[in-house]
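Below: the structure, in structure tokens.
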Amino acid sequence: MRDRERRDAGYRPQLVLQLRGGARVRGPEHYQHSIIRGVRLAEIAAELGPELPALQRLYPDGVARLWGSTPTQQVNNPKARALRERNAGDHVLFYADKVFYARARILHLFRSQAVAKRVWQTDDEGQTWEHIMALGAIEQLAHALPAEPVLRQLGLPFPLRSLTLVDADGYDSILPFLPNVPGIGSSHGRTARKRMGRKQFFRVLRQVLDESSDGSAPGIPLAMLWAIGRTAAAAEPSSHADTLTSLEAFLARHGGADKQSLLPLIDSGLWEHKQAQEWEIDRSGFHGGRASSAPDAATSDLSADVAGLLADVDMRGRAVAMLSRTLTSNVDRAAVLAQVGLAGYDSAAGTLEPNLFAPTGSGNPAERQLVTIDRIVRSSRHAKAVKQLHGHRCQICGVRLETRDGYYSEAAHIRGLGKPHDGTDDLSNLLCLCPNHHTQFDFFALYIDEKFTVRRTSDDSRISELRRHPQHHIDQAHLRHHRRFCGLPK
């Protein structure tokens, strides 16, 4: 039974107790490599073979969190049972040095010697960690949880010696031991949560998106964009949001299922329902909880903490980038963003003015009305200066395009002049680029890091070092703003 089918059938997750392993088997090294830093799918694409499309859907940023186990010849020991009976949707607690220290949710399971050898090589006996889990966001416990009382409650020996699977009833019995983390474990939706900060917001958002990337909750990224658009409209009254469209109508328009699928958002703490206490919801983490009636869109929106965070344009830009990447290919991203008042968030240039000449599609002559437009006045002096300083050579690739009348280059604003960027029109906010790299920069296919290295947004791989000129100061704040809209943390 697939993960979505299990949840629809009221599936209650089990718990995998996962040993990290000590230095002798390179456990800490493997954990840093494939869990903390993550494994780039592009680097193991050949070994993944038919598993690649599934992992690309689960990890839109191209970085997977993988953990493997070596095979066993036994059939009835705890490890054999765990490998045989664990499922996508089950939870994992990582164990080392007599404590549990991190947890996650299984998104996908597969077996591959080739992948294991590429990622972790082999152990001293020549075995590979070929039973592989693809995991959602990793929650590092703020305080390591002593393992002894947990194992005693489960009737298991201490210290833990083997990969072990705990059934759903056993998992329920130890929930009081586990700290409350939105989305996993014992949160249950009842415990008062601490104020959400920036790092926690993006961590929880990534977790919710990871867990809905199997298609079980297609409305989540759409609903978040709808709500962020409302926040942007409050912060920027000039936003042209489709304010008459309810959340329900918006989801229906774009195939985002119904409001019922938004329960994970409420459980995560990102979203609140002002009448949540009236719902008859079995809130047991991911234990198949379902509401007796769907929330009313008019009373559902971002939590106060999240709305406060997203009043900052850089926070909104990064969140919109993360959410946009998870939309399915049949969704018109530009149209979605425009409808919720986030036009311009998909381009570093931003939106300079409403599109007055958009066709109506009716076949009739367009209606006319008198409008007033605020146009941004650009300084050609600065554009000419940046081109002359660099001799019309692209600062990324060094190409200088020759035309009949001389050389051609483009002055690219790092932080666009249009909404929502509101950048400055001066030399510190300009780059001299060729048309190709100007387009890629504007549409966030590449970014410039804090050391002026140009990198691909998709996998952080290096493209080049930015060519610089001593008389051309580039403001790091503008580069940082651009990186946020690429969906990057800094």
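The values are calculated or read from the model by the stated rules, or taken from the named source; none is laboratory data. No experiment lies behind these values; they were computed from the predicted model shown. Heads up, the Cβs are rebuilt from the backbone with ideal geometry, glycines too, and the neighbour counts pull from every protein chain shown. Side chains are part of the model used for accessible areas, which takes the heavy atoms of the whole protein and leaves out ligands, DNA and RNA. Shrake-Rupley method; radii C 1.70, N 1.55, O 1.52, S 1.80 Å.
Report, by residue number, each residue of the stretch 430-459 that is more than 18 Å from residue 344 (Cα to Cα) and out of contact with any Phe, Trp or Tyr (no Cβ under 9 Å at 6 or more places or on another chain).
Of everything in the stretch 430-459, those that are more than 18 Å from residue 344 (Cα to Cα) and out of contact with any Phe, Trp or Tyr (no Cβ under 9 Å at 6 or more places or on another chain) turn out to be 430, 432, 436, 437, 449, 450, 451, 452, 453, 458, 459.
Residues that are open to solvent by less than 30 Å² (accessible area, probe 1.4 Å) and within 30 Å of residue 158 (Cα to Cα), at least 1 per element: which helices (runs of 4 or more DSSP H) completely within the stretch 30-113 meet that?
The helices (runs of 4 or more DSSP H) meeting that bar are 78-85.
Taking residue 23, is it farther than 30 Å from residue 264 by Cα and at pLDDT below 90?
So residue 23 fits the description; yes.
Which members of the stretch 305-331 meet the condition of being closer than 15 Å to residue 345 by Cα and without any contact (Cβ under 8 Å) to a residue 60 or more places away in the chain?
Answer for the stretch 305-331, where residues must be closer than 15 Å to residue 345 by Cα and without any contact (Cβ under 8 Å) to a residue 60 or more places away in the chain: just 312.
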